[in-house]
1. What do you reckon, is Val162 surrounded by fewer than 18 Cβ atoms within 10 Å (Cβ to Cβ), under 27 Å from Gln253 (Cβ atoms) and touching a residue at least 40 places away in the same chain (Cβ under 8 Å)?
2. Could you please find all residues in the range 232-261 being over 21 Å from Trp205 (Cα atoms), part of a loop (DSSP other than H, G, I, E, B) and in contact (Cβ under 8 Å) with a residue 12 or more places away in the chain?
3. Quick check on the range 55-101: of everything there that is of a type in the set (Val, Ile, Thr) and within 21 Å of Pro236 (Cβ to Cβ), which residue is surrounded by the fewest Cβ atoms within 10 Å (Cβ to Cβ)?
4. Please go through the range 109-127 and pick out each residue that is surrounded by 15 or more Cβ atoms within 10 Å (Cβ to Cβ), part of a helix (DSSP H, G or I) and more than 18 Å from the chain's Cα centre (by Cα).
5. Which ones in the range 148-162 are among the small types (Gly, Ala, Ser) and under 16 Å from Cys194 (Cα atoms)?
6. Cβ contacts < 6 Å: first residue in a helix (DSSP H, G or I), restricted to the range 52-74; second residue at pLDDT below 95 and surrounded by fewer than 23 Cβ atoms within 10 Å (Cβ to Cβ), any location; separation 6+ or different chain. Result?
7. Restricting attention to the range 1-33, which residues are under 27 Å from Arg252 (Cβ atoms) and among the acidic types (Asp, Glu)?
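The values are calculated or read from the model by the stated rules, or taken from the named source; none is laboratory data. Bear in mind that the values here come from a model prediction, so they are computed numbers and not experimental data. Backbone-built Cβ (ideal geometry, glycine too); neighbour counts: all protein chains shown.
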Amino acid sequence: MIPAIDAHHHLWIYSPEEYGWIGGQMSVLKRDYVPADLRREMEHAGVTGSVAVQARQTIGETEWLLDLAAENDFLLGVVGWAPLTAADLEERLGRLSARGKLKSVRHVLEDEPDDQYMLRPDFQRGIARLRPFGLVYDILIRERQLPAAVELVDAHPEQVFVLDHIAKPRIKERVMEPWRTHFSEIAHRPNVYCKLSGMATEADWGKWTVTDLRPYFEIALDCFGPGRLMFGSDWPVLRLAGEYSQWAEIVRQWIGPLSDREQRRILFGTACDAYSLTSPATPST
């Protein structure tokens with residue numbers, strides 16, 4: 001089995017006050033998810049390293065994830081949150097990036113009422129401050145926000161971006177357009193990578209099949225190619241619709257017809273390149 005890096009998962013100590021986005025139909029998420037829980041899932045799925053991603057928009061959570069990464073070697077990097085519109089952003093980024101394992105910053109754009117929020121001048125200035133610190137920006141959006149995301153990327157051609165969850169197409173409704181058109185457009189930007197993650201939870205949680213998801217994977221592969229696609233679990237949010245080993249196996253089956261080098265790229269190499277990850281277990285890519 002080719003070892004993999006999980007480029008997208010979450011960790012938390014649950015409380016209803018701090019994780020208000022976990023609603024009534026999400027009882028499986030209303031518990032603590034800590035590194036030991038993740039490590040068990042990874043071992044069963046042949047995953048050797050991972051990237052922890054913010055689930056709250058606080059500096060405190062980012063610092064906590066960095067603490068966990070310092071204590072757990074298999075946590076290779078952190079996608080944290082920082083106040084991109086703040087006047088003291090550079091000072092905050094300097095302090096956080098000094099921790100070493102901060103690899104990227106993310107803002108929950110999908111929840112912003114204004115789909116053009118990412119194009120605000122103060123937000124754009126924040127994005128422009130990431131590259132001097134060697135930081136990536138993770139784009140978390142829904143498909144309707146893809147045109148604005150293209151504008152964002154075009155305004156920062158030297159900045160590395162990672163598109164989370166293939167931009168959340170309407171899989172439950174089996175709708176392809178306009179997602180496919182806009183997704184293909186953003187994929188033409190060579191500074192954008194994409195995560196094969198978050199797909200099952202965009203389908204019907206209790207009734208989805210691999211057949212429902214596969215066309216979206218095939219479009220992602222066609223648009224980004226193995227060189228800019230990476231595996232991610234979105235665990236434990238994934239548990240709303242499936243389990244860790246199940247998703248890892250689906251992705252491995254999908255990429256099975258590809259060459260060994262291409263499979264290694266999706267499972268391991270792309271994440272290493274996009275996030276500048278280092279691991280003594282890094283296989284040849």
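1. Answer is no for this residue.
2. Result: Leu258, single match.
3. Let us first name the residues in the range 55-101 that are of a type in the set (Val, Ile, Thr), namely 58-59, 62, 78-79, 85.
Adding the requirement that they be within 21 Å of Pro236 (Cβ to Cβ) leaves 58, 62, 78-79.
Values: Thr58: 14, Thr62: 24, Val78: 29, Val79: 26.
In this case the residue turns out to be Thr58.
4. Residues of the range 109-127 surrounded by 15 or more Cβ atoms within 10 Å (Cβ to Cβ): 109-110, 112, 115, 117-118, 123-124, 126-127.
Cutting the leftovers down to part of a helix (DSSP H, G or I) gives us 109-110, 117-118, 123-124, 126-127.
If the condition is that a residue be surrounded by 15 or more Cβ atoms within 10 Å (Cβ to Cβ), part of a helix (DSSP H, G or I) and more than 18 Å from the chain's Cα centre (by Cα), then Tyr117, Phe123, Gln124, Gly126 are the ones that fit.
5. Here is the first cut: in the range 148-162, the ones among the small types (Gly, Ala, Ser) are 148-149, 155.
The one that is among the small types (Gly, Ala, Ser) and under 16 Å from Cys194 (Cα atoms): Ala149.
6. Qualifying pairs under 6 Å: Leu66/Arg99.
7. Asp6
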